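Inspection log for the structure reproduced underneath, given as structure tokens.
The values are calculated or read from the model by the stated rules, or taken from the named source; none is laboratory data. Note that the coordinates shown come from a computational prediction; the quantities given were computed from them, not determined experimentally. Here the Cβ positions follow ideal geometry from the backbone for every residue, glycine too, while neighbour counts run over all protein chains shown. These area figures cover heavy atoms from the full protein model, side chains too; ligands, DNA and RNA do not enter into them. Shrake-Rupley method; radii C 1.70, N 1.55, O 1.52, S 1.80 Å.
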Amino acid sequence: MPDLSRRDFVITGTAAIAALTASQAIPVHAFPSQPGEEVIPWLDQPPANPVPDAVANQLQWEQLNSWLTPNDKFFSIAHYNRPVIDAETWKLEVGGLVKRPQAFTLKDLMARPRQEVVFTLECSGNHGHPWFLGGIGTAKWVGTPLAAVLAEAGVLENGIEVVFFGADAGEEIVSALASGPVKRDIKMRQHFARSMSLADAMNPDNLLCYEMNGAPLPPPNGFPMRLIAPGWYGIANIKWLTRIEVRPRRLMNRYMARDYVTIRKETRDGETVWTETSVGRALLKSVAAKVTRKNGQFRIIGAAWGAPIDRVDVRIDQGPWQPATIDRSEQAKYAWTIWSLDWKDPLPGEHSITARAIDTTGQMQPAMDDPQIANKHTYWESNGQVTRRIRM
Ligand SMILES: Nc1nc2c(c(=O)[nH]1)N[C@H]1C(S)=C(S)[C@@H](COP(=O)(O)O)O[C@H]1N2
Ligand SMILES: [Mo]
């Protein structure tokens, strides 16, 4: 029995094709869309983005048609300015608590060993606001491993934290509360920065990245160099890198300690406890991306990411959870998994569609009323189950 992959269709007789297409209906590969396929738009379209300078080019879920997000469709976030960097004069400094401080040119770094990773980058604020649904994309990132650069620089014994600085900068004001009656605002110009523990920074998958989907890193995504930290939320992936500094203390700047901090109210032994935690690793999540119609057949197509995916369940209205078909044709450790579910004979009218992902350790993406989500008083790490509405 020959393997009837799609290519074989071309050289097989018409009768065989007819028999095969009739028996197996639509192929399990969700992408690319088929000729004659139509996308039914969601009813709950997001409102206008109130911060178009900071959050640009959000993913349009209905247009999701490939596993990798094309560079011109990839979202970008800039909390300060969007620097334009001359690659000829640009340098990356590696300093602080190292035996051999270094300064690399782009050529130096591109001459080092090349490594690639397909990684789904999501802003931890994604789905935290009604207008923010498209702060996510998947790309093939290429660069040189960070670990070897740090090892060659020789981290000194008291170096525990690795700080990554961007070229972008802004003014920060901190209310310095003294223990007495004195309170004073301190204004300072700060470069965008985030840090990781030395152990996290030494992860062999971390890249000093200069290439995205086969092209030089586009300016909005960090040209000429950014950190790619697979498995971490977007915020850790510092763009427009200029300096890496090893330090003896934790970094407590705005984007580590004040912003991108999740605040949760928990009850422990009847007592209310508030927790404040810095956003870090990505969390398990899934969404329905689009509903398609072809030859009178309907299909829900979506994505799941944030952890190795075992299963995705889909619920239509208040019906049972139905297991989706996982598209195994394109998968990678740190990339989203595409799934689909055939929707048999939807009734005309309004419907809701909810997806939930289950990872390979059996963990389930939390429901919106799960205490993990319901007791969260900030919009970061919004990985609760997403419900979309549609009119059929
Ligand atoms: N230098 C710098 N790096 C940054 C940011 C920034 O404002 N400045 N934003 C971060 C945030 S919040 C996210 S979600 C990701 C987004 O990456 P992208 O713009 O390539 O999509 O970049 C991160 N890296
Ligand atoms: Mo972000």
Look at R194 and say whether it is open to solvent by 30 Å² or more (accessible area, probe 1.4 Å), part of a strand (DSSP E or B) and either of a type outside the set (S, T, N, Q) or more than 16 Å from ligand 2 (Cβ to nearest atom) (or both).
no
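W232 - would you say it is within 17 Å of the chain's Cα centre (by Cα) and within 16 Å of ligand 2 (Cβ to nearest atom)?
Working: within 17 Å of the chain's Cα centre (by Cα): yes; within 16 Å of ligand 2 (Cβ to nearest atom): yes.
So W232 fits the description; yes.
Yes or no, residue by residue, for (1) at pLDDT below 95; (2) open to solvent by 20 Å² or more (accessible area, probe 1.4 Å):
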residue	(1), (2)
P308	no, yes
R315	no, yes
R328	yes, yes
D345	yes, yes
Q365	no, no
M368	no, yes
G384	no, no
Just to be sure I understand the filter: pairs with C-beta atoms under 7 Å, separated by 6 or more residues or on different chains, first member in segment 259-278 and open to solvent by 80 Å² or more (accessible area, probe 1.4 Å), second member part of a loop (DSSP other than H, G, I, E, B) and not aromatic (F, W, Y). Which pairs pass?
K265/N375; K265/H377
Tally, over segment 235-266, of residues that are touching a strand residue (DSSP E or B) at 6+ places or on another chain (Cβ under 7 Å) and either within 14 Å of ligand 2 (Cβ to nearest atom) or not basic (K, R) (or both):
22
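Within segment 227-238, is even one residue near ligand 1 (Cβ under 9 Å from one of its atoms), open to solvent by 10 Å² or more (accessible area, probe 1.4 Å) and in contact with a Leu (Cβ under 8 Å, 6 or more places away or on another chain)?
Quick first cut of segment 227-238, residues near ligand 1 (Cβ under 9 Å from one of its atoms) only: 227, 233-238.
With open to solvent by 10 Å² or more (accessible area, probe 1.4 Å) added as a condition, the list becomes 234-235.
When the remaining residues are screened for being in contact with a Leu (Cβ under 8 Å, 6 or more places away or on another chain), the result is 234.
Yes: segment 227-238 contains one or more residues that are near ligand 1 (Cβ under 9 Å from one of its atoms), open to solvent by 10 Å² or more (accessible area, probe 1.4 Å) and in contact with a Leu (Cβ under 8 Å, 6 or more places away or on another chain).
Which of the residues spanning segment 248-257 are surrounded by fewer than 17 Cβ atoms within 10 Å (Cβ to Cβ) and in contact (Cβ under 8 Å) with a residue 40 or more places away in the chain?
Restricting attention to segment 248-257, the residues satisfying the condition of being surrounded by fewer than 17 Cβ atoms within 10 Å (Cβ to Cβ) are 248-250, 252, 257.
P248, R249, R250 - these are the residues of segment 248-257 that are surrounded by fewer than 17 Cβ atoms within 10 Å (Cβ to Cβ) and in contact (Cβ under 8 Å) with a residue 40 or more places away in the chain.
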All-but-one check, Q34 against (1) part of a loop (DSSP other than H, G, I, E, B); (2) polar (S, T, N, Q); (3) at pLDDT below 95; (4) open to solvent by 60 Å² or more (accessible area, probe 1.4 Å), failing number (4)
Flagged pairs (Cβ under 6 angstrom, 6 or more apart or on separate chains; first in segment 292-305, open to solvent by 60 Å² or more (accessible area, probe 1.4 Å); second among the charged types (D, E, K, R)) are R293/E38
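Looking at W336, W343, can you tell me which residue is outside the structural domain of E116 (by TED's automatic domain parsing), over 28 Å from P230 (Cα atoms) and hydrophobic (A, V, I, L, M, F, W, C)? I'd like the intermediate steps shown before the answer.
On the way: W336 fails: over 28 Å from P230 (Cα atoms).
Being outside the structural domain of E116 (by TED's automatic domain parsing), over 28 Å from P230 (Cα atoms) and hydrophobic (A, V, I, L, M, F, W, C) holds for just one of W336, W343, which is W343.
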Out of all the residues in segment 164-186, is one or more within 16 Å of ligand 1 (Cβ to nearest atom), of a type in the set (V, I, T), outside the structural domain of V386 (by TED's automatic domain parsing) and farther than 27 Å from K376 by Cβ?
no
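Go through V94, V149, V117, V163 for me and flag whichever is open to solvent by 10 Å² or more (accessible area, probe 1.4 Å), more than 16 Å from ligand 2 (Cβ to nearest atom), of a type in the set (A, V, I, L, M) and in contact (Cβ under 8 Å) with a residue 40 or more places away in the chain.
The match here is V117.
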